[in-house]
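Trainee: The structure is given below, and queries will be raised subsequently.
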Amino acid sequence: MRRCYLYTFFAFLLPTLVESFDFPRNFTPSTYPLAVRSPYLNAWIDGTGANGAVLNHDWPRLWNLTQTMEWCGMAHIDGILWQWLGGPISNSSSTINIPAMRNSTLTPTRTIFELVAGPMLLNISFFNPIETEDLTRQSLPFMYLSLDAQSLDGQEHDVQIYSDISAEWVTGDRVNSTVQWNTTLTSSTIFHRGYLQNPQSMVEVNNQAQDATVYYAMELDQNVSWKTGDANITRPLFQDQGKLDNETDTSFRVVNDQLPVFAFAADLGVLRNTPSSLVWALGVVRDPVVRYAASPDPSTSPWDQRPYFYSDSRFSSQRIEDVIDFFMHDYESAVQRAESLDNRIYQDAASVSGGNEEYFDLVSMGARLALSAFDITYSTSGDGEIDIKAFMKNTGINTNNQSNNALGLYASLPAFMYLNATWMGYLLDSSLQYQNLIFSPNNSMAAYSSLDGHPIVTGGTSSDYSVEDTASMLIVTATYARMSKDTRIISKYYELLQKWTQYLIQGSMPPIQQKTMDHLGVFNDHYTTVALKGIIGIGAMAQISATLGQNNSEYLSTASNLIQNWQIQTVQSEYITMDYSNTSTWALLYDLYADTLLGTNLVDQRVYDTHEQFCQTQLSAYQFGIPESSYSTETKSMWSMFTAATSKNNETRNDLIQAIFRRATNNNSSKRNFPLIYDSQDSSEQPVEGASPQQGGMFALLALEYGFIPRF
């Protein structure tokens, strides 16, 4: 049985993250992303503290904000104690001062806070790399935390820094699962390790893996001290002395019994104006990552998919120590790559939005979320061939125990097309392989809505949204092939894609007994938005066939005929109807984005024009975005951005962007990580509808303009 490992590292005197651009500083989301690199390294912090406090008024929490993940940071400055990270500290023996936040900045790779702690400026940066050019680096589930201390008064100041993580990072079972730990010194590194005495492979409790080992490590240095033990003993020790006693608590216990923490303290000595940078790295490594059942045959055993980085010759030893060294030594280069990526996205976002800084802010949040549940894995065949597959846990919504949800792939498609289209290919291969083995050559069939389970991925799930799910998969597959120039996926699964298309031909116009993704929850034969998406899905298949040199005339003529019929039945003088049987209803046509992105050009320009004029009139009535239909006041952020991307009118586009931004920064609502679904009038959201990869839809404008161009 392999275990899951969580590593945290600590290094000294590494360069700070230097901003090349003066990025916007007006984005104040209700929660800030801190460590967001995988489904199990997905920690956020509430941004609604009193007097503008963010980092130091509450503890970080898991993506659904129910599980506390204590991560503490303190500083002694001239003997005065300051807390720069974490919530209230129990059993404190000293007065703890709270630094004032001067600024916060969010970029696609970094969340940066400037804190004023008396005579010192503390620059705290949470750096989650996005490695667009290196699959191995992207598959490393690690992030960096850096701290710079700089004198504000030109005088020298004596500084000591403390940081710990708690055993809460190990397990979601805080009551019954016993945690064990130890400390190891090597020639260059000191490690704390925490793990469950009885780990459970491929088991989750409260959205945390139960096969986890936590590592907290730092480079050996004479000015470093350490301790493991009760938080109510360890933290006060630093508060009193500015250092730790290099001792281990060997009384192993559950998390909620005298909370164990794994701590380090560093004496930086006397500082003036030259910053001394501290860098930590935090990561969760699970090996294997998922257990994948790609065959419907119950006699065929599922196989384990390992983290992709272990397939790299740089880690041929298979020792995690080599991975640790690589990641830490890569820090300076990682900073340079991150600056380049952030700057490029900033420039491109300004170009496509007319310099709208709010759009860059939304893209920055969307980048974190699109990759927040993304795992790149591999398995090896008997002949040694590497098979790469990716999995996206359906975090952020009620049905999060799924992988590669069709709607999720469709909504996040713009982010992948802009950042690296190849990554979507690995997701598609995982989804298509199972369905390819169960389809009947003699019958049409609908696509599954998702793969079942995570981290045990077995089979698939059909749904009441079969037309939309099937169209989503065809649109995503066609877009991937078009933008990546990779025909292997469409060649490998061509027959399956044909069967899906036959299903759409038979069931899109009208869409018999279908539900719509617009959360109406009612079966209907008359949803025009479902029909539109199905028709665009047929058009996507026409592109796939043409790309492979196959005859696509049937698909083209069918899609053209269906869309003409659709337009006759739906287009009113001022809007598009939602229900064929009720011309007083109206709909938000966000799926026009797929017609535009793919270049299928099925929908007449008059439909686009009518819809855009309708959107402009509706925006004045709804503060947080246009509802998806006249049946409800609910709206979705990613569909609003899809709609903005198809707008030719700059005012309409910017008003839609501003509506999304207004909700993303609405700190008067309940604490939720940039929710997907919310009321367009009062901003109230659905439970557990936050921190979803579907927010990759924020890249919608960028993908239209730059998705076909190698950018990095």
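The values are calculated or read from the model by the stated rules, or taken from the named source; none is laboratory data. Only a predicted model underlies this, so the values are computations on that prediction, with no experimental measurement involved. When we count neighbours, we look across all protein chains shown, and the Cβ atoms used for this are built from the backbone with ideal geometry, even at glycine.
Listed here are the residues, each with its yes/no results for (1) farther than 21 Å from LYS533 by Cα; (2) surrounded by fewer than 23 Cβ atoms within 10 Å (Cβ to Cβ); (3) of a type outside the set (A, V, I, L, M, F, W, C); (4) in contact (Cβ under 8 Å) with a residue 12 or more places away in the chain.
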{"site": "LEU451", "(1), (2), (3), (4)": "yes, no, no, yes"}
{"site": "HIS454", "(1), (2), (3), (4)": "yes, no, yes, yes"}
{"site": "THR458", "(1), (2), (3), (4)": "yes, yes, yes, yes"}
{"site": "SER466", "(1), (2), (3), (4)": "no, no, yes, yes"}
{"site": "ASP469", "(1), (2), (3), (4)": "no, no, yes, yes"}
{"site": "THR477", "(1), (2), (3), (4)": "no, no, yes, yes"}
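Trainee: Kindly indicate the residue of region 607-631 that is at negative phi and among the small types (Gly, Ala, Ser) and also surrounded by the fewest Cβ atoms within 10 Å (Cβ to Cβ) among those meeting that condition.
Mentor: SER620
Trainee: Got a sec? Which strands (runs of 3 or more DSSP E) wholly within region 1-74 have at least 3 residues that are modelled with pLDDT of 80 or more?
Mentor: Result: 31-38, 41-46.
Quick grid of which residues meet (1) surrounded by fewer than 22 Cβ atoms within 10 Å (Cβ to Cβ); (2) assigned to a helix (DSSP H, G or I); (3) in the same structural domain as GLY697 (by TED's automatic domain parsing); (4) touching a residue at least 40 places away in the same chain (Cβ under 8 Å):
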{"position": "ILE535", "(1), (2), (3), (4)": "no, yes, yes, yes"}
{"position": "GLY539", "(1), (2), (3), (4)": "no, yes, yes, yes"}
{"position": "ALA559", "(1), (2), (3), (4)": "no, yes, yes, yes"}
{"position": "TRP566", "(1), (2), (3), (4)": "no, yes, yes, yes"}
{"position": "THR585", "(1), (2), (3), (4)": "yes, no, yes, yes"}
{"position": "TYR593", "(1), (2), (3), (4)": "no, yes, yes, yes"}
{"position": "LEU597", "(1), (2), (3), (4)": "no, yes, yes, yes"}
{"position": "THR600", "(1), (2), (3), (4)": "no, no, yes, yes"}
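Trainee: Could I ask something else about it? Which one of these does GLU114 not meet: (1) of a type outside the set (Ser, Thr, Tyr); (2) surrounded by fewer than 24 Cβ atoms within 10 Å (Cβ to Cβ); (3) in a strand (DSSP E or B); (4) in contact (Cβ under 8 Å) with a residue 40 or more places away in the chain?
Mentor: (4)
Trainee: Taking region 289-342, which residues are in contact (Cβ under 8 Å) with a residue 40 or more places away in the chain and of a type in the set (Ser, Thr, Tyr)?
Mentor: Residues satisfying the conditions are TYR292, SER295, TYR308, TYR310, SER311, TYR331, SER340.
Residue-wise test of (1) at pLDDT 95 or above; (2) within 28 Å of VAL270 (Cβ to Cβ); (3) assigned by TED's automatic domain parsing to the domain that holds GLY79.
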site: ASP211; (1), (2), (3): no, no, yes
site: VAL214; (1), (2), (3): no, no, yes
site: GLU219; (1), (2), (3): no, yes, yes
site: GLN222; (1), (2), (3): no, yes, yes
site: SER225; (1), (2), (3): no, yes, yes
site: GLN239; (1), (2), (3): yes, yes, yes
site: ASP245; (1), (2), (3): yes, yes, yes
site: SER251; (1), (2), (3): yes, no, yes
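Trainee: If you take just the strands (runs of 3 or more DSSP E) that sit entirely in region 135-253, which of them hold at least 1 residues that are under 32 Å from the mean Cα position of the chain (by Cα) and closer than 23 Å to LEU85 by Cα? Step through it out loud before you land on a result.
Mentor: Details: elements: 142-151, 157-166, 178-185, 189-196, 212-219, 224-230.
Here the list reads 142-151, 157-166, 189-196, 212-219, 224-230.
Trainee: Run GLN258 past the list (1) surrounded by fewer than 23 Cβ atoms within 10 Å (Cβ to Cβ); (2) touching a residue at least 40 places away in the same chain (Cβ under 8 Å) and report the number of the one that doesn't hold.
Mentor: (2)
A quick yes/no check of all residues on (1) closer than 22 Å to TYR706 by Cα; (2) at pLDDT 85 or above; (3) in contact with a strand residue (DSSP E or B) (Cβ under 6 Å, 6 or more places away or on another chain):
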{"residue": "SER403", "(1), (2), (3)": "no, yes, yes"}
{"residue": "LEU432", "(1), (2), (3)": "no, yes, no"}
{"residue": "SER440", "(1), (2), (3)": "no, no, no"}
{"residue": "ILE456", "(1), (2), (3)": "no, yes, yes"}
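Trainee: Right, something else. Do you know which residues across region 323-354 are in contact with a strand residue (DSSP E or B) (Cβ under 8 Å, 6 or more places away or on another chain) and acidic (Asp, Glu)?
Mentor: ASP342
Trainee: Additional query: Can you spot a residue in region 220-243 that is in contact with a Cys (Cβ under 7 Å, 6 or more places away or on another chain) and either in contact (Cβ under 8 Å) with a residue 24 or more places away in the chain or surrounded by fewer than 16 Cβ atoms within 10 Å (Cβ to Cβ) (or both)?
Mentor: Checked against the condition, which is being in contact with a Cys (Cβ under 7 Å, 6 or more places away or on another chain) and either in contact (Cβ under 8 Å) with a residue 24 or more places away in the chain or surrounded by fewer than 16 Cβ atoms within 10 Å (Cβ to Cβ) (or both), region 220-243 yields at least one hit.
Trainee: Also, quick follow-up: Taking region 120-178 only, how many residues are touching a Ser or Thr at 6+ places or on another chain (Cβ under 9 Å), among the β-branched types (Val, Ile, Thr) and closer than 28 Å to LEU244 by Cβ?
Mentor: Residues that pass the stated criteria total 5.
Trainee: Quick one: is SER276 more than 35 Å from the chain's Cα centre (by Cα) and either not assigned by TED's automatic domain parsing to the domain that holds ILE165 or not basic (Lys, Arg) (or both)?
Mentor: For SER276, the condition - more than 35 Å from the chain's Cα centre (by Cα) and either not assigned by TED's automatic domain parsing to the domain that holds ILE165 or not basic (Lys, Arg) (or both) - is not met.
Trainee: A further question on this structure: Of all the helices (runs of 4 or more DSSP H) wholly in region 391-503, which have at least 2 residues that are more than 23 Å from the chain's Cα centre (by Cα) and either more than 30 Å from TYR40 (Cβ to Cβ) or not assigned by TED's automatic domain parsing to the domain that holds TYR527 (or both)?
Mentor: 466-484, 488-492
Trainee: Test SER560 against the criterion of being modelled with pLDDT of 95 or more and of a type in the set (Ser, Thr, Tyr), and give yes or no.
Mentor: Criteria met by SER560.
Trainee: Next question, about the same structure. Is it true that some residue in region 285-292 is assigned to a strand (DSSP E or B) and under 26 Å from HIS329 (Cα atoms)? Reasoning before the result, please.
Mentor: Of the residues in region 285-292, the ones assigned to a strand (DSSP E or B) are 285-286, 290-292.
Restricting the remaining residues to those that are under 26 Å from HIS329 (Cα atoms) gives 285-286.
Yes, region 285-292 has at least one match.
Trainee: Still on this structure, I have one more. When you look at VAL279, is it farther than 30 Å from PRO60 by Cα and either of a type in the set (Phe, Trp, Tyr) or in contact (Cβ under 8 Å) with a residue 40 or more places away in the chain (or both), yes or no?
Mentor: Answer is no for this residue.
Trainee: Another question, if that's okay. Take GLU495 and decide whether it is crowded, with 22+ Cβ neighbours inside 10 Å, at pLDDT 80 or above and acidic (Asp, Glu).
Mentor: no
Trainee: Pick out the one residue from TYR359, TYR310 that is in a helix (DSSP H, G or I), under 24 Å from the mean Cα position of the chain (by Cα), in the same structural domain as TRP169 (by TED's automatic domain parsing) and within 28 Å of ALA43 (Cα to Cα). Show your work before the answer.
Mentor: Working: TYR359 fails: in the same structural domain as TRP169 (by TED's automatic domain parsing).
Just one listed residue meets the conditions, TYR310.
Trainee: Which residue pairs have Cβ atoms under 6 Å apart, sit 6 or more places apart or on different chains, and have a first residue in region 80-103 that is on the phi > 0 side of the Ramachandran plot and a second that is in a strand (DSSP E or B)?
Mentor: Short answer, once both residue conditions are applied: GLY86/CYS72.
Trainee: Just name the residue that is surrounded by the most Cβ atoms within 10 Å (Cβ to Cβ) out of those in region 117-175 that are hydrophobic (A, V, I, L, M, F, W, C) and touching a Lys or Arg at 6+ places or on another chain (Cβ under 6 Å).
Mentor: In the first step, residues of region 117-175 are kept if they are hydrophobic (A, V, I, L, M, F, W, C); the result is 117, 120-122, 124, 126-127, 130, 135, 140, 142-143, 145, 147, 149, 152, 159, 161, 165, 167, 169-170, 175.
So of that shortlist, the ones also touching a Lys or Arg at 6+ places or on another chain (Cβ under 6 Å) come out as 127, 143.
Details: PHE127: 21, MET143: 26.
In this case the residue turns out to be MET143.
Trainee: Given the conditions (1) in contact with a strand residue (DSSP E or B) (Cβ under 7 Å, 6 or more places away or on another chain); (2) at pLDDT below 90, and given that SER299 satisfies all but one, which numbered condition is not satisfied?
Mentor: (1)
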